[in-house]
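Inspection log for the structure reproduced underneath, given as structure tokens.
The values are calculated or read from the model by the stated rules, or taken from the named source; none is laboratory data. Because the structure is a prediction, the values reported are computed rather than measured. All Cβ positions, even for glycine, are placed from backbone atoms using ideal geometry, and neighbour counts span all protein chains on display. Quick note on the areas: whole protein, heavy atoms, side chains included, nothing else; ligands and nucleic acids left out. Shrake-Rupley method; radii C 1.70, N 1.55, O 1.52, S 1.80 Å.
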Amino acid sequence: MKRLQYMLTRVAQGLLALVLIATVNFMLVRAAPGDPVAVIAGEAGASDAQFVAQLRAQFGLDQPVSTQLGRYLGHVLQGDLGFSYRQQQPVVDLILQRLPATLLLTGTAFALSLLFGVTLGALASRRAGKWLDSLITVVALVFYATPLYWLAMMAVLLFSVQLAWLPAFGHMTVGAGYTGWAAVLDTGRHLLLPALTLALFYMAVYARMTRAAMLDVAQMDFVKTARAKGLKPGRILRAHVLRNALLPVVTLAGIQAGGMIGGAVLTETVFAWPGIGRLMFDALLQRDYNLLLGCFLVTAAMAVLFNLLTDLVYTLVDPRIEL
Amino acid sequence: MQRRQLIQLGATGLGVSIAGVPLELLAQDKDAKKGGTLNVLVQPEPPGLMMGLVQNGPTQLISGNIYEGLLRYDDKLNPQPQLASSWTVSPDGKTYTFKLKSGVKWHDGKPFTSADAVFSVDVFLRKTHARLRGSLEALESVKATDPLTLEFKLKYPFGPFLGLFENGTMPMVPRHIYEGTDFATNPANATPIGTGPYKFKEWVKGSYILLEANAAYHVPNLPLIEKVYYHVIPDAAARAAAFESGKIDIAPGGSVEYFDVQRLAKLPGVAVTTKGWEFFSPHSWLWINHRKAPMNNVKFRQALMHAIDREAMAKIAWYGFAKPATGPFNSAIKYASADVPKYPKDMAKAKALLAESGYKGETIRLLPLPYGESWQRQAEMVKQALTQIGIKLELVATDVAGWNQRLNEWDYDLAFTYLYQYGDPALGVARNYTSTNIAKGSPFNNVEGYVNSRVDALFAAGARATDPASRQKAYLEVQKLLVEEVPVAWLHEITFPTLYRAKVKNPVSSGIGLNDSIARASLA
């Protein structure tokens, strides 16, 4: 009961936060120089006063900003994110078209980084001071420090251009018409490079964090007690050390999960992955206000959601934590 | 290709007009293979494919296959039949009569008639196409005298009138779909219907656009290639890698950075051409805001011309794919003359002119064009040159939206730009120098605020004359005058090289290059 009440409060708080975020975003986006009319007029290669006035009226940009904000919030509260000026489609449709690709990419990257990060960290802590530990630490440091963009480009040059093992762009072989397992395999091949480049940074972070936390926990009295009781080392590692060491990793994973969608912008751009990060980036360059705000709102909602989930996961990892 | 050029050269040499003879008959390559799939880059993703509503570069690249104009133009900019099979001009230069091709069908099977043409010009495009609206000021009326005859009546003779009919300037749109609707929000915009050699098939947003050959195309044997994919790849380095990996057959001008063009062109099985930009002839310059001192002083502007080393910029920033501009007319367009005052690089002279110009050491802001590396390098080179003669220069960084807005509002001192010249000074040059074309809200008119009644009069005379000799006379004088006055500092005639795999035959077959349809290209 207490849990349900807690959840409801958190959801209500989250919704309030989203409305505030939408308002602040609206003002921030309008503060940037240039508007969609300037971009469209520029792209058309010609424009005149009539053309500009026509567009402004069409987009409702001839109204005062306060009126526009009121109207926007009103629509958002009814679940309507508006119409994209440039793409001439409802924002909700555009986002829903792109969301699966992004979730697939970031979800895979998230799973890969957690799995390999924690495993490598655990391995390094068990072999602390040995060559394996040094190797993992150095590799993690390199991935931690290398810019994602550069890494992605190098991966394309090596695996796509030089070796021709993996496709250089897109999320499927265009025009191949694969179905069933062939389609899954094809998408998998396209997914590998972007998911890996996106995963490497967090993999490095988790590895370093897990290693440090495990070494820390291994010194504690209850671990010594467990050892003294004669428990097997593997069980001590899993049940006592790792479980306690995972808390900081969970915190960070929650943050990563919340920011995943926005964080995929670079990867999606380099690999021409048709996800929401790129949609957001294009909308920004084109001052496609409604679309940009829609993307912001969806990413913000994800962050709120994952925050809540993280708190729930805490209680699972460590039952002593109360909501 | 060679045969076509030979025949055309022969025809021109004998003074024989080839108007009325379909270009396809001259150009038909009997050995060209049919079928296959072509992969082309498009950058950025077009906002829409309905050519009557949007005419930006990416839209034209794709929609030029779907929509057609009455005419197309060869690389010498001579008009060629497209939807019109022949045309005549009355002796007073005020009536143009077009005979339309019979048997042309829209992609949905409805016949294309002169009623569609009248609707396109007089109703649709007048409402939606700012550039055409400007050019149509000379038009008194347009009438369909029978289903296949179209008659344009002009208020006064307008020399460049025959230059208005390519698909990006005057695309034919289907009346039966648009009449009586709100053009901008018509749901049919998402599934464009034209008369062209390719039909719209599929658009996966953020990924690709697919066109398929129109089996009922009105030119026999065309198109040759069966399917064309336009791939959206947002990052310039990734586009170069995609081309290099062999998955892309054509990288249109501007889709990869110039340093990559040079590198990729050297790969085996890759060809590069700078042809296909004759109609547009992009011309770049430094906009100078005449509304403020010291930019309003002609000596300051001349100092800029002497200080900037356009030769070196062409080599370094543009990797040789640009040539220094000598004045307002691109050498590819009609009536361009090299007989104008020259501004060789001369720092001493630039310093002397600057001293006389009343420049007091104030900071001058330069707004580069946010279109990639070459423009950035060019900005750095201009900064270096102007710093050397003692001008304090600050580079102002913006993105495209910010750039547009600043120019729309005249909020700049110096700025880069390039404009298309559309084959004729009256269509693509005059707009930047005539005082009637000063208006806030557009980055493509007389943004510098230059006013000279003699220049206005000469451009008007050039536009309203129809005989080439009097047009030549007016345009020669205006070129000399402008180069003397330096309303803007001309930089380069830019070329946008097209990279393609050598297995693609004949990718560029007209003066509008890839923006014309790809129907005549084939795969070996």
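Details
- In nm, spacing of pseudo-spin labels at B:Ser141 and B:Ser453 (7 Å Cα→C-beta vector): 3.6 nm
- Projected-area mean, region B:209-287, by convex hull of Cα positions, square nanometres: 7.9 nm²
- Within chain A, the selection of entire DSSP H helices by a Cα span of 24 Å or greater along the long axis and an average Kyte-Doolittle value of at least -1.0 returns A:2-31, A:91-126, A:180-218, A:243-263, A:289-317.
- Amide H contacts of B:Lys199 (H built 1.01 Å from N, in plane; Pro and chain starts excluded): B:Glu212, B:Ala213, B:Asn214 sit under 5 Å, all sequence-distant by 5 or more or on other chains.
- The orientation-averaged projected area of the convex hull spanned by the Cα atoms of region B:425-509 comes to 8.2 nm².
- Net charge of Cβ neighbours under 11 Å - reference A:Arg287; Lys, Arg +1; Asp, Glu -1: -2
- Cα extents for region B:387-467 along the principal axes, largest to smallest and rounded to whole angstrom: 47, 31, 21.
- Those trypsin sites (Lys or Arg not before Pro) in region A:64-171 that DSSP places in a loop and that have at most 15 other beta carbons within 10 Å: A:Arg127, A:Lys130
- Computed from protein heavy atoms with a 1.4 Å probe, the total accessible area buried between B and A is close to 3500 Å².
- Calculated from backbone phi, Karplus (6.51, -1.76, 1.60) coupling profile of region B:263-274 in Hz, x at Gly/Pro: 5, 5, 5, 7, 5, x, x, 10, 10, 9, 9, 9
- Between B:Lys266 and B:Ser90, the distance separating the two model label sites (each 7 Å from Cα on the Cα→Cβ line) works out to 6.1 nm.
- Positive-end residue of B:Ser522, B:Tyr450, B:Gln479, charge dipole of region B:435-524 with Cβ unit charges: B:Ser522
- Working note: Cα gyration tensor of region B:77-126, eigenvalues times five, square-rooted, sorted largest first, giving semi-axes of 22, 15, 10 Å.
- Per-bin percent of Cα-Cα distances, region A:262-306 [5 Å]: 5, 25, 28, 25, 14, 3
- Taken per residue, the accessible surface of chain A reaches 49 Å², heavy atoms only and a 1.4 Å probe.
- Per the Cα gyration tensor, the protein assembly as shown maps to an equivalent ellipsoid with semi-axes of 54, 32, 27 Å, ordered largest to smallest.
- Proportion of all alpha-carbon pairs of chain A beyond 33 Å (%): 43 percent
- Accessible surface of the protein assembly as shown, 1.4 Å probe, proportion on carbon and sulfur as whole %: 61 percent
- Within region A:144-184, the proportion of Cα pairs with more than 15 Å between them is 56 percent.
- Sequence-distant lysines (8 or more away, or on other chains) whose Cα lies within less than 21 Å of B:Lys155: B:Lys94, B:Lys127, B:Lys143
- Dipole moment magnitude, nearest 20 debye, chain A about Cα centre, only Lys, Arg, Asp, Glu C-beta charged: 1740 debye
- Taking trypsin sites (Lys or Arg not before Pro) across region B:493-524, the ones in a DSSP loop with at most 15 further Cβ atoms lying within 10 angstrom of their Cβ are B:Lys503.
- Couplings 3J(HN,Hα) of region B:464-479, computed from phi: 8, 7, 10, 7, x, 5, 6, 5, 3, 4, 5, 6, 5, 5, 5, 5 Hz, in residue order, whole Hz [Karplus 6.51 cos²θ - 1.76 cosθ + 1.60, θ = phi - 60°; x for Gly and Pro].
- At most 15 other Cβ within 10 Å, DSSP loop - chymotrypsin sites (Phe, Trp or Tyr not before Pro), region A:155-236: A:Trp165, A:Tyr178
- Amide H within-cut-off set for B:Gly320, under 5 Å, with H built and near neighbours excluded: B:Lys315
- Residues A:Val65, A:Val161, ordered by accessible area of protein heavy atoms at a 1.4 angstrom probe radius and largest first, appear as A:Val65, A:Val161.
- Descending principal axes extents, region A:31-95, alpha-carbon based, whole Å: 38, 26, 21
- With DNA, RNA and ligands ignored, accessible area of B:Ile193 (1.4 Å probe; Å², nearest 10): 40 Å²
- Phi-based couplings in Hz for region B:413-428 (Karplus 6.51, -1.76, 1.60; Gly and Pro marked x): 9, 10, 8, 7, 7, 9, 10, 7, 10, 6, x, 8, x, 6, 8, x
- Distant-in-sequence amide contacts of B:Leu491, defined by a placed amide H-H separation under 5 Å and a gap of 5 or more residues or a different chain, comprise B:Ser284, B:Trp285, B:Leu286, B:Ala325.
- Considering only the protein assembly as shown, percent of DSSP beta bridges that pair antiparallel, nearest 5: 80 percent
- Cβ-defined net charge surrounding A:Ser160, 10 Å radius [Lys, Arg +1; Asp, Glu -1]: 0
- Percentage, to the nearest whole number, of Cα pairs in region A:204-309 over 22 Å apart: 52 percent
- Applying a threshold of 22 Å to the alpha-carbon distances of B:Lys110/B:Lys505; B:Lys227/B:Lys275; B:Lys34/B:Lys247; B:Lys315/B:Lys473 flags B:Lys110/B:Lys505; B:Lys227/B:Lys275; B:Lys315/B:Lys473 as lying beyond it.
- Whole-angstrom gap from region B:442-476 to region B:176-223, using each part's C-alpha centre: 38 Å
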